[in-house]
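Asker: First, the structure itself, so that you have it in front of you.
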């Protein structure tokens, strides 16, 4: 292994949340302190949101270690709990002996009595809900009702929800406004910037025992920053693979060469990836051309290629630059003005005319739709029809979701899902959270959460990498 090669005591870039590797930079430490203060002094629900792999679970684990001893912690890691199950789970963590056959009202009374008892002892109870974005709507409503447990002066239960940006989509629904109004503190884990990533890599290496000069070159950090999009889980995976590549070559520094090898070993999509491939291909062609030109220059004159004898005849088109016909009109584009496809209530416009890059506005919902390929636009319409025709109590699997700045990533994921799930096809939707426009890929239709969860276990590994989870169709309506 590479530990001895780099003078490490342990693996520095594990993706499991080891709290001794908590990085306090990039506002993570300040967010932790603000969370602790909000839990101890606030009386509302607290929400922490961030993209997949941004460090929410790590923050939650460190928070559990840093809260004062008088705080009783209830940690709910299973987002698929039903409305009744969440009550029994909290009661179980508080060591309450509640019969499995007890009615919901009896569980609430028992829980209320225990909370009053702990309050009288100077204890405070906080419930940390991980993966809150995957909770059923009814369970989230129960969370709101739990926030009503109080004395005449104090809340008896503090609630903290950790979730992906899809949680904001849910809270933007009209029927979720009561829960949203109870949220008094909102924290967001933003992706790391390039300077933060350099500091983060160095911090993890030194926490693992490294004592030498900076191991990752500036070029390597730049490439990791671009490919990871600042998400700590991706940074860890790319850094780990880069260290292995450097070790295999006997090198004691990570350069762009090793990071390139790490990127090729992953399936991440990121802005500029396609262009980077094109540049690499162009560079390879240029290198081959340079070798050919040099070889020709060194040939004897009697063997060097001579100009054609028919001087004065119009030259042929340059090799490698064929006449490319103008693109034919796409009949699918004529259909893009038909209603439907976007959730909720947006229509598909005709493609916007091209503008100079410096004048291009930030993508708006309608502009984002026009960037979709015809196949994806058609899938939007099909999804809208399916949602309207399907019972809201049915379930589906959320495969992936991101913002519309990553439209190419979403479309490529859709193509991969279509290939892996044949003959079944995935669906595509867009939703407005009020803060940003989201795009997501979903799959299947199931009668229950259990059926959807069982289907997740049968998905190909490539589709399970983004931690898919079950959701009700009601959420899309």
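Asker: Name the residues in the stretch 144-179 that are buried (at least 17 other Cβ atoms within 10 Å of the Cβ), in a helix (DSSP H, G or I) and touching a helix residue (DSSP H, G or I) at 6+ places or on another chain (Cβ under 7 Å), would you?
Answerer: Within the stretch 144-179, 144, 166, 167, 170, 171, 176, 179 qualify.
Asker: Could you tell me whether residue 87 is more than 29 Å from the chain's Cα centre (by Cα) and assigned to a helix (DSSP H, G or I)?
Answerer: Yes, satisfied.
Asker: Residues in the stretch 376-386: is at least one at pLDDT below 90 and out of contact with any strand residue (DSSP E or B) (no Cβ under 6 Å at 6 or more places or on another chain)?
Answerer: no
Asker: Looking at 407, 441, which one is buried (at least 22 other Cβ atoms within 10 Å of the Cβ) and either out of contact with any helix residue (DSSP H, G or I) (no Cβ under 8 Å at 6 or more places or on another chain) or not assigned by TED's automatic domain parsing to the domain that holds residue 56 (or both)?
Answerer: The unique qualifying residue is 441.
Asker: Now, a different point. Where residues in the stretch 99-131 are in a loop (DSSP other than H, G, I, E, B) and buried (at least 19 other Cβ atoms within 10 Å of the Cβ), which of them is farthest from the chain's Cα centre (by Cα)?
Answerer: Checked the stretch 99-131; the qualifying residue farthest from the chain's Cα centre (by Cα) is 130.
Asker: Say whether the condition of being closer than 23 Å to residue 6 by Cα, touching a strand residue (DSSP E or B) at 6+ places or on another chain (Cβ under 9 Å) and either at pLDDT 95 or above or part of a helix (DSSP H, G or I) (or both) is met by at least one residue in the stretch 233-241.
Answerer: yes
Asker: Can you tell me which of (1) in a helix (DSSP H, G or I); (2) touching a helix residue (DSSP H, G or I) at 6+ places or on another chain (Cβ under 7 Å); (3) touching a residue at least 60 places away in the same chain (Cβ under 8 Å) is the one residue 60 doesn't meet?
Answerer: Exception for residue 60: condition (2).
Asker: Right, here's the next one. Taking residue 329 and the conditions (1) assigned to a helix (DSSP H, G or I); (2) modelled with pLDDT under 85, which numbered condition does it fall short on, given that it satisfies the others?
Answerer: Exception for residue 329: condition (1).
Asker: Need the failing condition index for residue 224 against (1) at pLDDT below 95; (2) not assigned by TED's automatic domain parsing to the domain that holds residue 43, just the number.
Answerer: So the condition that residue 224 fails would be (1).
Asker: Give the residue that is surrounded by the most Cβ atoms within 10 Å (Cβ to Cβ), with candidates limited to residues of the stretch 35-57 that are closer than 19 Å to residue 192 by Cα and out of contact with any helix residue (DSSP H, G or I) (no Cβ under 9 Å at 6 or more places or on another chain).
Answerer: First, pick out the residues of the stretch 35-57 that are closer than 19 Å to residue 192 by Cα: 48-57.
Still in the list and also out of contact with any helix residue (DSSP H, G or I) (no Cβ under 9 Å at 6 or more places or on another chain): 51, 56-57.
Numbers: 51: 20, 56: 23, 57: 17.
Out of the qualifying residues, it is 56.
The values are calculated or read from the model by the stated rules, or taken from the named source; none is laboratory data. Values in this document were obtained by computation on a predicted structure and should not be read as measured data. Reconstructed Cβ throughout: ideal geometry from the backbone, glycine too, with neighbour counts over all protein chains shown.
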